[in-house]
Amino acid sequence: AWYVPCLASLETLQELCRKENLRCKSIGITNRNLKSYEVEYLCDYKVEEGTEYYLVKWKGWPESSNTWEPQKNLKCPLLLQNFLSDKNEYLSRVREGKALKVRNHVKALKPAVADYIVKKAKQRIALQRWKEELNRKKNHKAMILVENTVDLEGPPLDFYYINEYKPAPGINVINGITTGCECADCPAEKCCPKEAGFILAYNKQKKLKIQPGLPIYECNSFCRCGPDCPNRIVQKGTPYSLCIFRTNNGRGWGVKTLQKIKTNSFVMEYVGEVITSEEAERRGQLYDNQGNTYLFDLDYDSDEFTVDAARYGNVSHFVNHSCDPNLQVFNVFIDNLDLRLPRIALFSTRTIKAGEELTFDYQMKGSIDLTSDSADGLSPSRKRIRTVCKCGAVCCRGYLN
């Protein structure tokens, strides 16, 4: 049998059922709740004969079922608060940012105001659903929040959250490692880093102690040590709650931490599609015209593969560039020892305060072997169109590439 995924949201399907008076237990429409009404958001406002009315969008019902309800019948204080907040926000932004005196006794809202309020309500719902989706798909304990207080932009339409590399056909990101260390208490003399010819990357506080450019070898799934091993850091995922937020200076989405991060701490991993450098060249020409910078060359040992986080990625997809960053890139090897395919981990370069935006240098200076022909890493030097940098740092180079 052939199965085609349904692209309509659950709410859209519920609206169709109620419109056609149909029951569908699988999407939650039964005899018991077919005619139930719950306020989804408020669309408009008016005063008639001294009574205040709000136009209500009912959850699970089509917009054609919207009704005007007196305020005394509404038991949704948060939605009322959002409605008034959105109205005042719109009025304060009109006329090119010149604040207007907000009148509290209007008889009806202008269509433009009501339209903005509806768009803002729909955006709020969409961002909430996106936040829930991100937290369902992530594989770490820390929370992911979403915030947009800047514009009406909603979730990206062509982005899919993944937790690890997504290899293109023909690329194997697992090299079939079958052995691990026999340490009862890592690090021991024969632990994974020393077997690879390097020192342990972490100190007793599980903070990074090696210099940029050196690789990290963590214990793998065949090692004798358990999950509390001090040499298992990157593989446990992001330990901090983060917020994807809309920037107010034209840089699109960004990421900020909701917790204090100490110096030399692991923050997140950079993941995406693993493609060949030839395919990266082709995609890069398309991204150049869009001003996108999601290509990350895996050039620790060679220049055969690239990570493309444009469509598939995790929170790192939204981390912005800075010429004065607070994150540093390191190459990590765990269950795959193929030097052509390191995992990319971002560590803090200094103490980062709660609420501060996370950034890294898209050119990764100091992170890799600068003698490499492709030491630009993200946004490789072969890019033909220069992208203006908006990081605002005192030492800003002016361009991302």
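Observations on the model:
- Exactly one residue among Asn139, Asn163 is open to solvent by less than 90 Å² (accessible area, probe 1.4 Å), part of a loop (DSSP other than H, G, I, E, B) and within 23 Å of Phe296 (Cα to Cα), and that residue is Asn163.
- Matching option when the condition is at pLDDT below 90 and either of a type in the set (Val, Ile, Thr) or assigned by the TED database to the domain that holds Leu346 (or both), among Tyr270, Tyr300, Tyr287, Tyr312: Tyr287
- Per-region count, the range 200-244, residues open to solvent by 10 Å² or more (accessible area, probe 1.4 Å), among the hydrophobic types (A, V, I, L, M, F, W, C) and in contact with a Gly (Cβ under 7 Å, 6 or more places away or on another chain): 2
- Pairs, first in the same structural domain as Gly180 (by the TED database) in the range 321-342, second open to solvent by 30 Å² or more (accessible area, probe 1.4 Å) and in a strand (DSSP E or B), C-beta under 7 Å, six or more apart: Val332/Arg343; Ile334/Arg343
- If the condition is being over 19 Å from Ser64 (Cα atoms) and within 34 Å of the chain's Cα centre (by Cα), then the range 1-23 contributes Trp2, Tyr3, Val4, Pro5, Cys6, Leu7.
- Hits in the range 114-136 - residues which are open to solvent by 70 Å² or more (accessible area, probe 1.4 Å) and either within 16 Å of the chain's Cα centre (by Cα) or touching a residue at least 40 places away in the same chain (Cβ under 8 Å) (or both): Lys122, Arg124, Gln128, Arg129, Glu132, Arg136
- Selection status of Pro62, at pLDDT 95 or above and not basic (Lys, Arg): no
- From the list Ala196, Ala201, the one residue that fits, being at pLDDT below 95 and either among the hydrophobic types (A, V, I, L, M, F, W, C) or closer than 30 Å to Leu242 by Cα (or both), is Ala196.
- Which numbered condition Lys72 fails, given (1) assigned to a helix (DSSP H, G or I); (2) open to solvent by less than 60 Å² (accessible area, probe 1.4 Å); (3) farther than 17 Å from Ala114 by Cα: (2)
The values are calculated or read from the model by the stated rules, or taken from the named source; none is laboratory data. Bear in mind that the values here come from a model prediction, so they are computed numbers and not experimental data. Every residue, glycine among them, receives a Cβ derived from its backbone with ideal geometry; neighbour counts consider all protein chains shown. Ligands, DNA and RNA are excluded from the accessible area calculation, which covers all protein heavy atoms including side chains. Shrake-Rupley method; radii C 1.70, N 1.55, O 1.52, S 1.80 Å.
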